[in-house]
Amino acid sequence: MKSEIWAIGGGKGGTGKSFLTSSMGMKLALEGKRVTLIDGDLGGANLHTFLKIKKPRYSLTDFFERKIPLSDIIKGTEIPNLRFVTGDIRSLDTIGINYAQKLKLYRHIKNISADYVLIDLGAGSGHNTIDTFLVAEKMIAVTLPEVTAIENLYLFIKKVLFRKLNMLLGEHGLKNAAKNAWKERNTKDIKNIRELIQHIKDISPEISAIVDKTLGDFKLYLIMNQVKKDQHIETGFSTKSVINKYFGIDCRYMGYIRYNEFFWKFVKQSEAFRPITSTGSTSQEVGVIVQNLLEDKQVKLSEISNG
Amino acid sequence: MDKETLKKYLEILELDVDTSGDEEEELSLSLSDIKEAYQRLKALYTSEAMSMVTEPIEEEFSREDQEEILNQLEEAYNTLLHYAVERDRAEKEAFKKAGIIEDTVAEYIPGESREEVEEEGAESEEMEVLELPEVEELLESQELIELPEVPDIPELPETGMVPEAPEALGEPEEVEGPQEEKEAEAMAAEDAAEIPEAPEEPEEPEKSEEAEEREELEEAEIAEGVTPTEEELEDKSLKEPEPDKTVFEEVEEFEDRKAAASTPDPGDVLKESKTIKGRTLRRAREKLEIGIHEMAVSTGISYKDLVNIEKERYSKLPESGYLRWLITTYAKTLSLDPKKAADDYMARYRKWQREQGSDS
């Protein structure tokens, strides 16, 4: 049975992707689902910190450099049904893998025997990160209610869409249409990605229809982390709205996590699973997010304003 | 208007309405719901709320784009409003024909009411007032069918979502040194001994109103001199006056006595019945290496109150309404079940209060 791949990204570092990946994975596993976590993070994979596991012997580096199969690199955790693959010290971007190796990785990932595969992409929005994001069935972006984080999120989405468009046009024999248009944007008076998309759609009605459909079907799941007040929760709705309007995609607001002043104390002190098994609000909020993702159900503004 | 179109607008206004019935079946959707939803969403998408989000792409995301979002909302609102008003009007007609409404209704002119309502729509508070009292009654009774959102429901996610899990100190205490083990056993034993008290307090103190009602009943019974419960008899041993001791010390002695008398608890029962005490809170805090001052800064609770809560110095604690909030906040910060913490603590506090009352 095929697994469902969830990729957790969003561009900016420190937004809580690793935490969310590990805690969502734990929640799913505790509900009896078979979960494999993959750490693709930059600068010293973090997932094992949240899982309270010492860095395993093999990592993705060994997959690429020593051709060790992924199945040998996947390691169990204390939670039955929860396994994980640690990343490299260098991210997927600087690791210098070529296209063929990347495809091989994706093939192996798709063949992982699990119900859910959660990939922590970490920070960065280089080609390899973006491509891995696009492999997922559920593309999840985590951001903070903060201008710089949202700015980075937009940048991330722009790059993802640009890449997606290139791939799409490539399938229709127009491999370099988008790239060239962007290169010549000054002469063609293309100021931003919206105008680029319009330019591509102008190529022909068929292309226009294809682009519209692809964007309309493009689902991005948004999570707001480190929320400190109700207004921040609402920022999720605004962000979703603007993304939908501006990029023409289907962005869905799946939940939020409140800022917890003592969060790192919990991580440091407790057993790996405390943040998830406790009755605290963080644990509940992750639970709500997981449930929403499983049911494809968004947060409702009415749930919050009545507070 | 077909259901697909309606569904689209319902989604825009985030209205949760069952659209699964026949194409012909009317949707149960009240005018006030529509109005509320529209106002709420409109408030969100005004320029101030959006600024954090539009600033990074200010040059590229125009005013027009923002307005388009608002226009879509307005369109949804007007469409659904029109639908609901028409539906109500048709229903009235039907009732009239069936003879359910008296003749005086004949004076009622459908066209007028619809315009009035649509005009007032965005501003007025009482959109469901459709002139005539008889009709109002009918609509009100319909509202009763449509509206009820049982107030308790929002509470459920607090306790229902996450599976029952080991409490904050269940495991760590087992791992600590011998002294801690003894205390852990004492606590466990005490919890076991406390179970028979359950009949006095509600089995599942989820509704504090119920709990309070029962307590009032108990107080009444005690006042009338009804046969004291086992629990009260035990209480008497606590009440034996030793003016030098603080409540905290008395409680400790009580616990030690219980520990000597009882056997350790099976794990499951411990999970369910474990009481959250002042020192439970303190231990949880210390386990996380959070100092009292840090706690004070984070929660906004004064240093003094925190100390008194942890030591269960009831006489020094503020009034019960505020106290409950303090306990809840404290527990929440440490990821302990805030409801259970507050219920447990307030139960003990009230017991102490009653004792104070009957002493004087």
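The values are calculated or read from the model by the stated rules, or taken from the named source; none is laboratory data. It should be emphasised that the depicted structure is a prediction, and the values quoted were computed from it without experimental measurement. All Cβ positions, glycine included, derive from the backbone under ideal geometry; neighbour counts span all protein chains shown.
Could you say which residue among B:Ser298, B:Ser335, B:Ser302 is closer than 22 Å to A:Lys228 by Cα and crowded, with 16+ Cβ neighbours inside 10 Å?
When all the criteria are applied, what remains is B:Ser335.
Can you find a residue in the range B:52-63 that is touching a Ser or Thr at 6+ places or on another chain (Cβ under 7 Å), within 23 Å of A:Glu303 (Cα to Cα) and either in contact (Cβ under 8 Å) with a residue 24 or more places away in the chain or among the aromatic types (Phe, Trp, Tyr) (or both)? Break it down into steps so the answer makes sense when it comes.
Filtering the range B:52-63 down to residues touching a Ser or Thr at 6+ places or on another chain (Cβ under 7 Å) leaves B:52-53, B:61.
Restricting the remaining residues to those that are within 23 Å of A:Glu303 (Cα to Cα) gives B:52-53.
The next check asks that each one be either in contact (Cβ under 8 Å) with a residue 24 or more places away in the chain or among the aromatic types (Phe, Trp, Tyr) (or both); those that pass are none.
For the range B:52-63, residues touching a Ser or Thr at 6+ places or on another chain (Cβ under 7 Å), within 23 Å of A:Glu303 (Cα to Cα) and either in contact (Cβ under 8 Å) with a residue 24 or more places away in the chain or among the aromatic types (Phe, Trp, Tyr) (or both): absent.
Working only within the range B:86-104, note down all residues that are out of contact with any Asp or Glu (no Cβ under 7 Å at 6 or more places or on another chain) and at pLDDT 85 or above.
B:Glu86, B:Asp88, B:Arg89, B:Ala90, B:Glu91, B:Lys92, B:Glu93, B:Ala94, B:Phe95, B:Lys96, B:Lys97, B:Ala98 - these are the residues of the range B:86-104 that are out of contact with any Asp or Glu (no Cβ under 7 Å at 6 or more places or on another chain) and at pLDDT 85 or above.
Can you pull out the residues in the range A:205-249 that are modelled with pLDDT of 90 or more, assigned to a loop (DSSP other than H, G, I, E, B) and surrounded by fewer than 16 Cβ atoms within 10 Å (Cβ to Cβ)?
Residue satisfying the conditions is A:Lys228 alone.
Exactly one of (1) modelled with pLDDT of 90 or more; (2) within 11 Å of chain B (Cβ to nearest Cβ); (3) not in a helix (DSSP H, G or I) is unmet by A:Asn260. Its number?
(1)
For the list (1) away from chain A (no Cβ under 12 Å); (2) surrounded by fewer than 17 Cβ atoms within 10 Å (Cβ to Cβ); (3) aliphatic (A, V, I, L, M); (4) under 21 Å from A:Asn244 (Cα atoms), I need the number of the one condition that B:Ala43 fails.
(1)
In the range A:291-307, which residue that is at the interface with chain B (Cβ under 10 Å from one of its Cβ atoms) and either crowded, with 18+ Cβ neighbours inside 10 Å or touching a strand residue (DSSP E or B) at 6+ places or on another chain (Cβ under 6 Å) (or both) is modelled with the lowest pLDDT?
Filtering first and then ranking leaves A:Leu301.
Scanning the range B:8-40 for residues that are outside any helix (DSSP H, G or I) and small (Gly, Ala, Ser), which turns out surrounded by the fewest Cβ atoms within 10 Å (Cβ to Cβ)?
Here the answer is B:Ser20.
If you go through the range B:71-90 one residue at a time, how many are hydrophobic (A, V, I, L, M, F, W, C) and out of contact with any helix residue (DSSP H, G or I) (no Cβ under 8 Å at 6 or more places or on another chain)?
Of the residues in the range B:71-90, 1 are hydrophobic (A, V, I, L, M, F, W, C) and out of contact with any helix residue (DSSP H, G or I) (no Cβ under 8 Å at 6 or more places or on another chain).
Filter the range A:118-168 for residues that are assigned to a loop (DSSP other than H, G, I, E, B) and modelled with pLDDT under 90; which is farthest from the chain's Cα centre (by Cα)? Full working, then the answer.
Filtering the range A:118-168 down to residues assigned to a loop (DSSP other than H, G, I, E, B) leaves A:121-126, A:136-137, A:144-146.
Going one step further and asking which of them are modelled with pLDDT under 90, we end up with A:122-126.
Working: A:Gly122: 8, A:Ala123: 10, A:Gly124: 11, A:Ser125: 11, A:Gly126: 13 Å.
Out of the qualifying residues, it is A:Gly126.
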